[in-house]
Amino acid sequence: MTPQKSWKDPILHVNEIHVEESCMDFDYTRDILKRANLPYTVIPDRSDPSGIPGEYPWNLVQGKHHLLLCKNRGHFFKPCPGTKEYRCCDYQVLNIGMGCPMDCVYCILQAYLNKPWLTFFINTDDLLSEMRTAFQAEPGRFFRIGTGEFTDSMALDKITCLSPVLVEFMAEQKQAVLELKTKSGVIDNLRDIKHNGRTVLAWSLNSTSIMEKEEIRTATLDERLQAAAQCAKWGYKLAFHFDPIIDHPGWEDGYEETINKLYKAVPAEQIVWISLGALRYLPSLKTIGTERFPQSRIFYQEFIEGLDNKKRYFRPRRVILYRHIYSLLKQRSAPQTCIYFCMESDEIWQDVMGYIPEEKGGIPAMLDRTVNI
């Protein structure tokens, strides 16, 4: 029997690189090309890579073989695009690139982006400068920052080696913490870095059957937890995200298995936060998801349109899902770990956790305390 291919490092899916002409002047670009050792073409600035047939999003599988190295000519640093209708954690997004070599059935980027290739931004000096300016402009503010909004934080790190740059920069920042969130097992570049506890390594987790069937080209549960355990040994704080929680046959046992394995592998006291969020999606994602992944059944359930115009499970069903998973986590979590909902209402908080965020100072304060102990 042929062993299943490991996608612990999803960079294996990339087989061609495109470089904006002006980016060839960067030493960083040449370093990436050398590490990648892949065919590359130089293209005019602001132009699209060629050789990707078909229309978006149906050409995503082919497009994810291609990586574009270019400049970010917009802002790197901006607030998370939450909605006022649900409780938000006041996260700040650091945009290092767009797209992901993995291919999760439920991924919102399928409906949010409009280009099939992966993009990585080369002008990292501008990125760091923008963060310095933001910190100096608000010296009394504490920033929680993440790079995993429009891409996976670590999926390309083997060739970009961006994580050491960010971790070393953050180590000197007293008013901020960085979260690197991934579904990969890529951590080698994090070894032997003086991080000063200012970087949190985070993994998205799910029921075991969902990870196997709906999260294509991602690391297995064991590979993710082995990576997390190693990062804990290197002194990093950890976080985990059960988002999206998906209602499916056997979900109770599936999430219990994942949570049991999590706490067997990772020291509970090093987990600073765990988020919970039930499946929610833009209506356009159902059309894309069902056509790209006809074998998946996750969109064929009862949903209601939420206040943010996204499809959600009915509130009573969300409460059932959340109560079971929250109970399992509370039995094992350390007292200082913050378990919180991503984009849920006060009613859900009260029904499941017995309080609303304002009673504890709000979600941002709850999370900030975990990294400022």
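Selection of region 35-46 for residues being touching a residue at least 24 places away in the same chain (Cβ under 8 Å) and part of a loop (DSSP other than H, G, I, E, B) yields LEU38, PRO39, PRO44, ASP45, ARG46.
Hey, can you tell me all the residues within region 267-285 that are crowded, with 18+ Cβ neighbours inside 10 Å and either part of a strand (DSSP E or B) or modelled with pLDDT under 95 (or both)? Matches in region 267-285: ILE271, VAL272, TRP273, ILE274, SER275, LEU276, GLY277, ALA278, ARG280, TYR281.
Restricting the first residue to region 338-365 and requiring it to be of a type in the set (S, T, N, Q), which pairs with a second residue that is not in a loop (DSSP other than H, G, I, E, B) meet a Cβ separation below 8 Å and a spacing of at least six or different chains? Correct list of pairs: SER345/ARG87. With respect to (1) out of contact with any helix residue (DSSP H, G or I) (no Cβ under 7 Å at 6 or more places or on another chain); (2) crowded, with 20+ Cβ neighbours inside 10 Å, the lone exception for ASN309 is condition (2). Can you confirm whether ILE288 is outside any loop (DSSP other than H, G, I, E, B), among the hydrophobic types (A, V, I, L, M, F, W, C) and closer than 22 Å to GLU215 by Cα? Yes.
On the stretch given as region 35-58, residues that are at positive phi and in contact with an Asp or Glu (Cβ under 9 Å, 6 or more places away or on another chain) total 2.
For the structure I just gave you, tell me whether ILE298 is in a helix (DSSP H, G or I), more than 21 Å from ARG332 (Cβ to Cβ), hydrophobic (A, V, I, L, M, F, W, C) and modelled with pLDDT of 95 or more.
no
For region 2-34, residues that are assigned to a loop (DSSP other than H, G, I, E, B), buried (at least 17 other Cβ atoms within 10 Å of the Cβ) and either touching a His at 6+ places or on another chain (Cβ under 9 Å) or at positive phi (or both) total 2.
The single condition from (1) in contact (Cβ under 8 Å) with a residue 60 or more places away in the chain; (2) over 21 Å from THR182 (Cβ atoms); (3) surrounded by fewer than 22 Cβ atoms within 10 Å (Cβ to Cβ) that GLY289 fails is (3). Among residues that are within 17 Å of ARG312 (Cα to Cα) and hydrophobic (A, V, I, L, M, F, W, C), LEU262 is not included. Kindly indicate the residue of region 353-367 that is over 25 Å from the mean Cα position of the chain (by Cα) and part of a loop (DSSP other than H, G, I, E, B) and also nearest to GLY140 (Cα to Cα) among those meeting that condition. This residue is GLY361.
Looking at ASN189, is it closer than 24 Å to CYS104 by Cβ and free of Cβ contacts under 8 Å to residues at least 40 places away in the same chain? So ASN189 fits the description; yes.
Taking (1) of a type in the set (Val, Ile, Thr); (2) in contact with a Cys (Cβ under 6 Å, 6 or more places away or on another chain); (3) at pLDDT 95 or above in turn, ILE356 satisfies each apart from (2). Scanning region 213-222 for any residue that is in contact (Cβ under 8 Å) with a residue 24 or more places away in the chain, of a type in the set (Ser, Thr, Tyr) and in contact with a Leu (Cβ under 8 Å, 6 or more places away or on another chain) turns up nothing. Quick check on region 331-345. Is at least one of its residues part of a helix (DSSP H, G or I) and crowded, with 16+ Cβ neighbours inside 10 Å? No, that holds for no residue. One residue stands out in region 312-328 among those that are in contact with a helix residue (DSSP H, G or I) (Cβ under 8 Å, 6 or more places away or on another chain) and closer than 14 Å to GLU252 by Cβ: the one that is surrounded by the most Cβ atoms within 10 Å (Cβ to Cβ), namely ILE325.
The values are calculated or read from the model by the stated rules, or taken from the named source; none is laboratory data. Model, not experiment: these values are computed from the prediction. Note that each Cβ is placed from the backbone with ideal geometry, even for glycine, and that neighbours are counted across all protein chains shown.
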